[in-house]
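Everything below concerns the one structure shown next.
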Amino acid sequence: MARTPVISLFLKDEAETIRFGEDLALALKPGDCLALSGDLGAGKSSLARAFLRAMAADDDLEVPSPTFTLVQAYDLRIPVAHFDLYRLGDPTELTELGFDEALQDGICLVEWPEMASDELPADRIALKLEHEGPGRRVTIAAPEKQTARIRRILAIRDFLVDAGYPGAKRRFLTGDASLRAYEAVYTDDGTRSILMDWPPLPEGPPVLDGKPYPKVAHIAENAYPFVAIASVLRQEGFAAPEVYRVDYDQGILLLEDLGTDGVLDTQGQPIGDRYRASVACLAHLHSLTIPQDIRVTDSHVHHIPDFDRTAMKMEVRLVLDWHLPWRRGGAAASDAERNEYLAIWDGLIDELETCEKGLLLRDFHSPNIIWRENERGVARVGLIDFQDAMIGPTAYDLASIAQDARVTIAPDLFQQLMDDYLALRRAQGRFDEARFLKSWAIMSTQRNCKLAGLWVRLMQRDGKPAYMKHLPRTLSYLSVALKHETLAPLRDWFVRAGIVPGES
């Protein structure tokens, strides 16, 4: 088993042992085997109990010893099977206990792993606890992939110590389709903050003009854009989270908790009044002039990128590269189809030259909106996940919320949102409604073309088929946008490609 240099740390007391067990729950993933070894009283049970309670987000979870049953299963955020092999008669009995099945989609937590001889997986995480003075010494040996995850949770703990919260309790909050993850951090007085875990990544392969995808599509690669946009939004009275502390080099941010309510009801359906308030917030944002260059630190100025032709065309190519081949059973788009499609888009992007442009948040939809019932005006609408913001057609964000990618917006609500927005913009004065509606149709089409390809890519390339449930909705939204007369050439192309139906 290839192992990295051993991780070694000292835990001065029982509280630190428990805290480390809780932190480990943030590092392990399905398929991991954590082998806990050490003498009696060294802390294996304390660490295992803390791990399970953190994984369950339940400090009172009953964690019976599996000494006599040999295994105890827990149906948690990630399923965990807790093994105690002290009484194991023969190493081959591990198979009969369901070890292999438990490891397929969960975590195996193993005390007394030495009793299993060589039956444990070679890529296990070997963690040893030993008495050292008044505390314990922990040594960990594991393959590079698991070691990197453990080092990351230790780096975040060090970040919190430096921030003045050495005893903070950390709990998994969420991850998204990107590589960011989020934790809820509770200080001793029970106050909750949000920690964004955004590790730096190596550049990917070039996809256009020698540049990787994030640079072409203007995807944020570090924390500077988030801090910059949060700052300017807060200055204008919007409810963006305050950034309490940030480590730009490591990509760790401690943020204000804006709350837990969203804009969907308990059945996951849109709450009309909250969507309408969100659209009103957007209309106010679009009335403002946001600077394109924002100073973040003494040495760094964030330049908000333009949503340019290259980025728009990169995104709409996802239809050609992923959706069309999937629909045709693997057959790629012909050269003629590609050339016609991209030429149509060149013309549509030309039509955007004179449209209203401003700050667009890029993913202004239900997953990224926090409802703050006790606030007033735009402060009721909490804004998150805006690090990829650009300067471009403001209509893009209205398309994002009025045609929410993650939930179906019924036609009546859609019309109400569009009417609300247009009425608010007319009241502000100097608003070209016809030009805006044309740009809305183009940007709605652009966004839904991207999504129609993205859902397929997430399924085929990234092994995430659950996103395909959004595809019928996306194509329905696309058909609505394609009704605008400016989109007629593209509508004809989609009909001939068999992606949307023709007019009956």
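The values are calculated or read from the model by the stated rules, or taken from the named source; none is laboratory data. In this text, all values refer to a predicted model and were calculated from it rather than measured experimentally. Note that each Cβ is placed from the backbone with ideal geometry, even for glycine, and that neighbours are counted across all protein chains shown. What goes into the accessible areas is simple: the full protein's heavy atoms, side chains included, and nothing from ligands, DNA or RNA. Shrake-Rupley method; radii C 1.70, N 1.55, O 1.52, S 1.80 Å.
I'd like the full set of residues that are in a helix (DSSP H, G or I) and open to solvent by 50 Å² or more (accessible area, probe 1.4 Å), limited to region 116-147.
Answer for region 116-147, where residues must be in a helix (DSSP H, G or I) and open to solvent by 50 Å² or more (accessible area, probe 1.4 Å): Glu144, Lys145.
For region 402-424, which residues satisfy the criterion of being farther than 20 Å from Lys483 by Cα and open to solvent by 10 Å² or more (accessible area, probe 1.4 Å)?
Of everything in region 402-424, those that are farther than 20 Å from Lys483 by Cα and open to solvent by 10 Å² or more (accessible area, probe 1.4 Å) turn out to be Arg406, Asp420, Ala423, Leu424.
Looking only at region 179-193, how many residues end up being in contact with a Phe, Trp or Tyr (Cβ under 6 Å, 6 or more places away or on another chain) and part of a loop (DSSP other than H, G, I, E, B)?
Qualifying residue count for the region: 2.
Residues that are among the small types (Gly, Ala, Ser) and either open to solvent by 40 Å² or more (accessible area, probe 1.4 Å) or free of Cβ contacts under 8 Å to residues at least 24 places away in the same chain (or both): list the helices (runs of 4 or more DSSP H) wholly contained in region 1-113 that include at least 2 such residues.
44-56
Going through region 259-289 one residue at a time, which ones are within 17 Å of Val407 (Cβ to Cβ), touching a helix residue (DSSP H, G or I) at 6+ places or on another chain (Cβ under 7 Å) and assigned to a loop (DSSP other than H, G, I, E, B)?
Gly262, Val263
When you go through Ala434, Ala452 one by one, which is the residue that is among the aliphatic types (A, V, I, L, M), at pLDDT 95 or above and surrounded by fewer than 22 Cβ atoms within 10 Å (Cβ to Cβ)?
The match here is Ala434.
Residue-wise test of (1) closer than 19 Å to Asp388 by Cβ; (2) not aliphatic (A, V, I, L, M); (3) not in a loop (DSSP other than H, G, I, E, B).
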{"residue": "Leu195", "(1), (2), (3)": "no, no, yes"}
{"residue": "Pro200", "(1), (2), (3)": "yes, yes, no"}
{"residue": "Glu203", "(1), (2), (3)": "yes, yes, no"}
{"residue": "Val207", "(1), (2), (3)": "yes, no, yes"}
{"residue": "Pro214", "(1), (2), (3)": "yes, yes, yes"}
{"residue": "Ala220", "(1), (2), (3)": "yes, no, no"}
{"residue": "Phe226", "(1), (2), (3)": "yes, yes, yes"}
{"residue": "Tyr244", "(1), (2), (3)": "no, yes, yes"}
{"residue": "Asp249", "(1), (2), (3)": "no, yes, no"}
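Can you tell me which residue is farthest from the chain's Cα centre (by Cα) among those in region 320-342 that are more than 22 Å from Leu471 (Cβ to Cβ) and open to solvent by 60 Å² or more (accessible area, probe 1.4 Å)?
Taking the candidates together, the pick is Ala336.
Answer yes if at least one residue in region 369-384 is among the β-branched types (Val, Ile, Thr) and either closer than 20 Å to Ala497 by Cβ or surrounded by 22 or more Cβ atoms within 10 Å (Cβ to Cβ) (or both), and no otherwise.
Within region 369-384, one or more residues are among the β-branched types (Val, Ile, Thr) and either closer than 20 Å to Ala497 by Cβ or surrounded by 22 or more Cβ atoms within 10 Å (Cβ to Cβ) (or both).
Identify all residues within region 182-215 that are among the polar types (S, T, N, Q) and either exposed (fewer than 15 other Cβ atoms within 10 Å of the Cβ) or out of contact with any Ser or Thr (no Cβ under 8 Å at 6 or more places or on another chain) (or both); write none if there are none.
Thr191
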